[in-house]
Structure formats: C-alpha cells, structure tokens
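Below is one structure; the comments refer to it alone.
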Amino acid sequence: MKIVHISDIHVAERHFLPDLLGRVIRDINRIEPEIVVVTGDLTENGFQSEFKRAQQYIEQIECKVKVVIPGNHDARNVGYLGFEEIFGHRSIIEKYKGITIAGIDSTQPDLDDGHVGREKYGWIEKCLDTDDFKVVALHHHLIPVPKTGREKQIPMDAGDVLELLVRCGTDLVLCGHRHVPWIWNLNGMIITNAGTACTTRLKWDIPQSFNLIEIDEEEKGTIKIYRMYSKGGQELVLEKRRD
Ligand SMILES: [Fe+2]
Ligand SMILES: [Fe+2]
C-alpha cells in the first residue's frame, strides 16, 4: 500500500512554483499510490480563484482515494466555505483496504493558530475504533519541528489531542504547516511533517519535498517513509514494524 502525503502547495501565491508542482504531480502519478493525502494550505488567501486553481492541480493526481483537508491559509476570507463547496467536509474519514484515515480540520477562520477542539474528540475516537492501520491527518504540527525558529501556532489543545491519538492506537499522524519535513516517534505513534511541495517559502536550505509512505500488510504493517525531494532524489527516513 502506497500513500503519498503532500502539503502546503500554496497555489496562486507569489512564492508558488507551478512548474515544480507539475513535476511533483507527474512523479506522484508515476509512483501510483492508492491514497494521496493533502494536508492543507492549498491557497494563500482562501480566494475562490485560488481554490479553483488548486482544484485543477489536485484533479490531475491519479489515485483511488484522496483526502484533502484545509490549512490556516484556506480559512482566510471565509475560504472554508469554498473549501466545503469544492472538496466537501473539512473533517472526513476514509477507509480503504485495511487503512482508516481521519482527516481533521485544525483551522479557525482568519487565525493562523491551530485548534482541533473538544467537540471533535468523540468523532475522532469513533473513527479510530478499528483494527485497521490508523492514520490521522491535520494541517497544524502536533509537536514542534526543528529548524523552524520560534515555536508558534501549534494546536492550542495539542496535549489533549496527542493523548487521545495515542490512546486510540493511532499508527501514523500526517501534518504540514511549518514547511519543514520531520519525523517524531511518540509512544509508538509516528508523527510525520511534510515540507512545502512547491513554493519558495523555505526555511533556509531545506528543499521542497513530499512524503511517500509504504505499508507492507504481509509484514504486519511494516512502515517505510521516504522523503521525496520535489526537484528529484529521495531518502528513506523511517522503517518501523507496527507495534
Ligand atoms: Fe503553509
Ligand atoms: Fe499553514
């Protein structure tokens, strides 16, 4: 099972690199993943024209299941209404061949700060009540990411959300927002941050990238994560057996 995780494409902002996103999409289609997860910041300002352009790009990605959730930039200028119109619910659950993915909206209108919110905890718990390989996706980072400077905008309820996800036996968490790729292993739960796939909004010399996750069901859910550099090249950054 191959899952591709991309984030922070920021289509239509002045730092957006359309040719690079075209290349990333061609690479993803060559990989032939079953599932693609896009963890938010599709736009810069949540404008309708930006969403429509982002939609055109996302439609070019070929896969069985797409999970798209909003980021803080998409929640600007009531962009969350446009998001719902184009991509559907801001928090969603998808199931495919032994994988359950809960996509959680961690945004608030016109604020950059993350917030999951207690009202979603019951729903999250229900989604994760399964023997499947459990994936949770949200835009904001649940744990600080190195080389991102001053810590900010982490979900205000990150501690409670982490406890909930660990208690529910979550295998993998996918985040974006800080534009820097990183992996934490917390109490057996892998937390993977994706970099920006195709913008010049980089932290110094950390290049654009996305994640390729391979789950080997025969090998009891052995998980491999590759950091795929948008301009070419890849790196195996994690190999772990499911606990
Ligand atoms: Fe972003
Ligand atoms: Fe963001």
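The values are calculated or read from the model by the stated rules, or taken from the named source; none is laboratory data. In this text, all values refer to a predicted model and were calculated from it rather than measured experimentally. Cβ atoms come from the backbone with ideal geometry, glycine included; neighbour counts cover every protein chain shown.
Of all residues in the range 63-106, those satisfying the criterion of being more than 16 Å from ligand 1 (Cβ to nearest atom) and among the charged types (D, E, K, R) are LYS64, LYS66, GLU84, GLU85, ARG90, GLU94, LYS95, LYS97.
Taken over the range 9-20, the criterion of being away from ligand 1 (no atom under 16 Å from the Cβ) and touching a residue at least 12 places away in the same chain (Cβ under 8 Å) is satisfied by PRO18 alone. Residues that are in contact with a His (Cβ under 9 Å, 6 or more places away or on another chain) number at least 2 in the following strands (runs of 3 or more DSSP E) confined to the range 154-230: 172-175, 189-193, 209-216. One residue alone among ARG14, ARG90, ARG23 is modelled with pLDDT under 95 and either in contact with a strand residue (DSSP E or B) (Cβ under 6 Å, 6 or more places away or on another chain) or on the phi < 0 side of the Ramachandran plot (or both), and that residue is ARG14. Exactly one residue among GLU217, GLU151 is among the acidic types (Asp, Glu) and touching a residue at least 24 places away in the same chain (Cβ under 8 Å), and that residue is GLU217.
Of the residues making up the range 181-195, those that are in contact with a Gly (Cβ under 8 Å, 6 or more places away or on another chain) and either within 12 Å of ligand 2 (Cβ to nearest atom) or small (Gly, Ala, Ser) (or both) number 2.
Yes/no matrix, rows are residues, columns are (1) hydroxyl-bearing (Ser, Thr, Tyr); (2) outside any loop (DSSP other than H, G, I, E, B); (3) surrounded by 14 or more Cβ atoms within 10 Å (Cβ to Cβ):
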| position | (1), (2), (3) |
| --- | --- |
| HIS115 | no, no, yes |
| TRP123 | no, yes, no |
| VAL135 | no, yes, yes |
| LEU142 | no, no, yes |
| VAL145 | no, no, yes |
| LYS152 | no, no, no |
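The requirement of being within 25 Å of LYS126 (Cα to Cα), surrounded by fewer than 24 Cβ atoms within 10 Å (Cβ to Cβ) and touching a helix residue (DSSP H, G or I) at 6+ places or on another chain (Cβ under 6 Å) is not satisfied by ILE61.
Where helices (runs of 4 or more DSSP H) sit wholly within the range 1-111, those with at least 2 residues that are within 16 Å of ligand 2 (Cβ to nearest atom) occupy 48-59, 79-87.
Results for (1) within 16 Å of the chain's Cα centre (by Cα); (2) crowded, with 16+ Cβ neighbours inside 10 Å; (3) away from ligand 1 (no atom under 14 Å from the Cβ), shown as yes or no for each residue.
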position: ILE3; (1), (2), (3): yes, yes, yes
position: SER7; (1), (2), (3): yes, yes, no
position: GLY22; (1), (2), (3): no, no, yes
position: ILE25; (1), (2), (3): yes, yes, yes
position: VAL37; (1), (2), (3): yes, yes, yes
position: THR43; (1), (2), (3): yes, yes, no
position: LYS52; (1), (2), (3): no, no, yes
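Beta carbons closer than 6 Å, at least 6 apart along the sequence or on distinct chains, pair a first residue in the range 100-129 that is under 13 Å from ARG90 (Cβ atoms) with a second that is modelled with pLDDT of 95 or more and basic (Lys, Arg) for ASP105/ARG90.
Every residue, every condition in (1) in contact with a Leu (Cβ under 8 Å, 6 or more places away or on another chain); (2) within 16 Å of ligand 1 (Cβ to nearest atom); (3) without any contact (Cβ under 8 Å) to a residue 60 or more places away in the chain; (4) not β-branched (Val, Ile, Thr), yes or no:
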site: ALA158; (1), (2), (3), (4): yes, no, yes, yes
site: ARG167; (1), (2), (3), (4): no, no, yes, yes
site: HIS177; (1), (2), (3), (4): no, yes, no, yes
site: TYR226; (1), (2), (3), (4): yes, no, yes, yes
